[in-house]
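The values are calculated or read from the model by the stated rules, or taken from the named source; none is laboratory data. This is a predicted model, so every value here is computed, not measured. Note that we place each Cβ from the backbone using ideal geometry, even for glycine, and neighbour counts take in every protein chain shown. Accessible surface areas use protein heavy atoms only, side chains included; no ligands, DNA or RNA. Shrake-Rupley method; radii C 1.70, N 1.55, O 1.52, S 1.80 Å.
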Amino acid sequence: MKKLFAALAVATALMGMPAKAEDGPVKIALLHGLSGSPLEAYSKQTHAGFELGLEYATNGTLEVKGRKIEVIKKDTQFKPDVARALLAEAYGDDDALIAVGDTSSGVALALLPVAEEYEKILLVEPAVADSLTGPDSNRYVFKTSRNSSMDMQAQAIALKPDANLYVATLAQDYAFGRDGIAAFKAALDGTGANVVAEEYVPQQTTDFTATIERLFNALRDKPGRKVIFMNVAGIDAMTPLAAADPGRYDIELSSGGNILPALVGYKQVPGMEGAMYYYYEAPKNPVNDWLVAEHTKRFNAPPDFFTAGGMASAMAIVAALEKAEGWDTESLITAMEGMTFDTPKGPMTFRPEDHQALQSMYHFKIKVEDGVDWAIPELVREIKPEEMNIPVGRNNQE
């Protein structure tokens, strides 16, 4: 009888204990700027895509291996110090297994050492800078977003460069802008093309008058094909450049793809060619078909540029959780290195050397169509990962 009472006491005590972490939800933290910058639209698209991606990848259950997925959202306010504190809070206090962020490359760079300190995975999405998987990165960092080298090698392919091409560049003066132009120059290296001027403006500039004059002066007397290439985010450089009539000097404009509201400005440059990360009509696969149909049904609008990236990051996480033998960091790293996973853009693969996801890009030509509010970046062709020689940022085996 004493043994029975003892057993009952133990059972009662156990019932009163909190559930073990491995029995509760798996927590994923999303760290993105949601206030204080024009880039917040990118963050909101990323979050919408992430939630759709979880739904698609789990067949609507929002569970992996019987455990619910809990998403924790934190607003970094586009401030590196705030972002660092929130990531430490997510890993430490919230016990997040994986974190995803940030929208700004400059802010995302500040997160890298925090992931290393806590020895937990940081999945970079949608920040772009090459340096996020560069020498200052670490083995806990994976990246589903494209990088500057992908943007710029695809851009170079779209421009068909040769010795007759003269280019002046316009970018913002922070990690995204400077990394992008460095990658663009590297992509043109050996083609014979000539970069004759580089202009960098403040991140949220609105007055381009002096900048445009310098760009025109750098190109106007060149003998061959003349192009101004823009690499900006969250600001409208297309409208002032187009309004300044570069055509009077036979100067063309070129830029990468953008979100739908920004593509309204591209209606001023029909026929312009460039390279893009995503436009909802470009990829042809079942995942993108589902995303376009569901997003249109729920939001009465097609998915945008960064919606696809958010969905890709969620699908990568679910694929890793399903593949990993355990959910400790080392097991997840083993599962993710070299892992190929589905996305709205088609398959992506985490390169083992630096954890950058290799992926397709798209060569486009701008078409203006009655009844469509924005300019359509009509697909010329898909640029496959094997067509681009993306530099390895760091060796994660070191």
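Solvent-accessible area per residue in the chain equals 42 Å², computed with a 1.4 angstrom probe and all protein chains kept. Ligands, DNA and RNA left out, the accessible area of the chain computed with a 1.4 Å probe is 51% carbon and sulfur. Residue order by solvent-accessible surface for VAL201, VAL392 is VAL392, VAL201, largest first, with ligands and nucleic acids left out and a 1.4 Å probe. Computed from backbone phi, the HN-Hα couplings of region 221-236 come to 9, 6, x, x, 6, 10, 9, 9, 9, 9, 10, 10, 9, x, 9, 9 Hz, rounded to whole numbers (Karplus: 6.51 cos²θ - 1.76 cosθ + 1.60, θ = phi - 60°; Gly and Pro given as x). Put +1 on the Cβ of every Lys and Arg and -1 on every Asp and Glu Cβ in region 260-326; which of PRO302, PRO286, ALA320 then has its Cα farthest towards the positive end of the dipole? Highest projection toward the positive end goes to PRO302. Note on region 48-132: Cα-Cα pairs beyond 16 Å make up 54% of the total pair count.
Each label point was placed 7 Å from the Cα along the Cα-to-Cβ direction; for ALA197 and ASP328 their separation is 5.9 nm. Cα-based values for region 300-359, radius of gyration first and Dmax second, are 12.5, 42 Å.
Modelled label positions at ASP93 and ASP23, each set 7 Å beyond Cα in the direction of Cβ, lie 2.6 nm from each other. Reported to the nearest whole Å, the Cα centre-to-centre distance from region 156-181 to region 282-342 is 30. List the longest stretch of the chain that has no exposed loop site; here a site is one of the trypsin sites (Lys or Arg not before Pro) assigned by DSSP to anything other than H, G, I, E or B, with at most 12 other Cβ within 10 Å. With a cap of 12 other Cβ atoms within 10 Å, the longest stretch comes to 66-283. Normalised by the number of residues in region 245-398, the mean separation of alpha-carbon contacts (under 8 Å, six or more apart) gives a relative contact order of 26 percent.
Once you've got the Cα coordinates, tell me which of LYS44/LYS267; LYS226/LYS384; LYS44/LYS74 are over 20 Å apart. As for pairs spanning more than 20 Å Cα to Cα, those are LYS44/LYS267; LYS226/LYS384. For chymotrypsin sites (Phe, Trp or Tyr not before Pro), no site in region 252-310 is both called loop by DSSP and has at most 11 other Cβ atoms within 10 Å.
Compared with the direct C-alpha span, the chain from THR340 to LYS384 gains 14.4 nm at full extension, assuming 0.36 nm per residue.
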